[in-house]
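What follows is a single structure, written as structure tokens, with notes after it.
The values are calculated or read from the model by the stated rules, or taken from the named source; none is laboratory data. These numbers come from a predicted model, not from an experiment. All Cβ positions, glycine included, derive from the backbone under ideal geometry; neighbour counts span all protein chains shown.
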Amino acid sequence: MRVEGDQWKGGVGPEPSGSQPLRIAELYASRQGEGRWTGAPSVFLRTSGCNLRCWFCDTPFTSWHPEGLTLAVDEVVQRVLAYDEPDVVITGGEPLLHAAIGQVCRQLSDAGRRITIETAGTVDQDFVCDLLSISPKLPSSAPNIKQHPAWHRWHQERREQIAIVQRWLTLFPYQLKFVISDPADTLEVLRYLERLKLHSPEHVWLMPEGTSVEILESRAEWLRPWCAQHGFQYCARQHIYWYGNQRGT
């Protein structure tokens, strides 16, 4: 399902609960292509709206050029359950911008679904999940400062919320997933983990930036052995290998 509409343009907190319930950009069934549950048949619920603007964003229809239909919580849940898949991946954009996403999570959990939430770790609110997939954004993720000076500043101000992430690590099963485009990014990962005071490398996944097999493979040549050296998991972005870079996959 592809739906169109507008975007909430607020700050780093959740969308006000008195406004529209949820903006949904996509809802489809596929396989999880990243992280711990790679290969799991899943329903993907993709919200529209983001408080960051990564230059490499591969879903610009949820951030730079947002699309989305406003749906009530019950209708969102009914559409997800209609796929009858055991796993649900709630992603974005930034799904935790929407105050109603907590209600969606609880209803899906009550219906027996295994829930993954994919988030940049910048917005705190009340929710439940079986796996919290946190993708902290490194300094190099900011958009070009000359082309987007305001968004460059806002992105850098919002992208790292250590206290939120530290709290979550005590509450949920989690994985930390970093997008890597340059060897310098790997050093930023180490600095971030030091600030986070995390010493469990098995929960850390490093993913090459790229939307083609050729780019992913070229970065894998140096990133895969670096992950092995430091005890991190290598995240291959398997859906690109299966389907290419296209929506609904």
- Condition broken by residue 89, with the remaining ones in (1) modelled with pLDDT of 95 or more; (2) among the aliphatic types (A, V, I, L, M); (3) more than 15 Å from the chain's Cα centre (by Cα) satisfied: (3)
- Message: Looking at the range 89-98, can you tell me whether even one residue there is surrounded by fewer than 21 Cβ atoms within 10 Å (Cβ to Cβ) and of a type outside the set (Val, Ile, Thr)?
- Response: no
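Among what's in the range 133-173 and is of a type in the set (D, E, K, R) and in a helix (DSSP H, G or I), pick the residue that is surrounded by the fewest Cβ atoms within 10 Å (Cβ to Cβ). First the steps, then the outcome.
Quick first cut of the range 133-173, residues of a type in the set (D, E, K, R) only: 137, 146, 153, 157-160, 167.
From what is left, the residues that are in a helix (DSSP H, G or I) are 153, 157-158, 167.
Values: 153: 12, 157: 10, 158: 18, 167: 12.
The qualifying residue surrounded by the fewest Cβ atoms within 10 Å (Cβ to Cβ) is 157.
Looking at the range 60-88, which of its residues are of a type in the set (D, E, K, R), out of contact with any helix residue (DSSP H, G or I) (no Cβ under 6 Å at 6 or more places or on another chain) and assigned to a loop (DSSP other than H, G, I, E, B)?
Step one: filter the range 60-88 for residues of a type in the set (D, E, K, R), giving 67, 74-75, 79, 84-85, 87.
After this cut, where a residue has to be out of contact with any helix residue (DSSP H, G or I) (no Cβ under 6 Å at 6 or more places or on another chain) as well, the list is 74-75, 79, 84-85, 87.
Hits for the range 60-88 are 84, 85.
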- Item | Any pair with Cβ under 6 angstrom, 6 or more apart, that starts in the range 169-188 at a residue that is under 13 Å from residue 204 (Cα atoms) and ends at one that is aromatic (Phe, Trp, Tyr) and not in a loop (DSSP other than H, G, I, E, B) | 175/205; 177/205; 186/226
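Can you name every residue in the range 224-249 that is over 21 Å from the mean Cα position of the chain (by Cα) and of a type in the set (Lys, Arg)?
The one that is over 21 Å from the mean Cα position of the chain (by Cα) and of a type in the set (Lys, Arg): 224.
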- Inter-residue pairs, beta-carbon under 6 Å, first polar (S, T, N, Q) and in the range 90-112, second in a helix (DSSP H, G or I), 6+ apart: 103/73; 107/77
- Among the candidates 2, 53, which residue alone is of a type outside the set (S, T, N, Q) and modelled with pLDDT of 95 or more? 53
- For residues that are assigned to a helix (DSSP H, G or I) and of a type in the set (D, E, K, R), scanning just the range 103-132, find the one that is surrounded by the fewest Cβ atoms within 10 Å (Cβ to Cβ). 110
- Task: Could you tell me which numbered condition residue 125 fails, if it satisfies all but one of (1) in contact with an Asp or Glu (Cβ under 9 Å, 6 or more places away or on another chain); (2) at pLDDT below 95?
- Result: (1)
- Message: Only one of 202, 217 is more than 18 Å from the chain's Cα centre (by Cα), under 23 Å from residue 116 (Cα atoms) and in a helix (DSSP H, G or I). Can you tell me which?
- Response: 202
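Which residues, taken from the range 36-51, are closer than 18 Å to residue 135 by Cα and surrounded by 22 or more Cβ atoms within 10 Å (Cβ to Cβ)?
Applying the first criterion (closer than 18 Å to residue 135 by Cα) to the range 36-51 yields 36-38, 44-51.
Passing the criteria: 44, 45, 46, 47, 48, 49, 50, 51.
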- Under 6 Å between Cβ atoms, at least 6 apart or on separate chains: pull out the pairs that start in the range 205-234 with a residue that is more than 22 Å from residue 249 (Cβ to Cβ) and at pLDDT 95 or above and end on any residue that is assigned to a helix (DSSP H, G or I) and of a type outside the set (A, V, I, L, M, F, W, C). 226/186; 231/201; 232/201
- Item | Filter result (part of a helix (DSSP H, G or I) and in contact with a helix residue (DSSP H, G or I) (Cβ under 8 Å, 6 or more places away or on another chain)) within the range 174-188 | 183, 184, 185, 186, 188
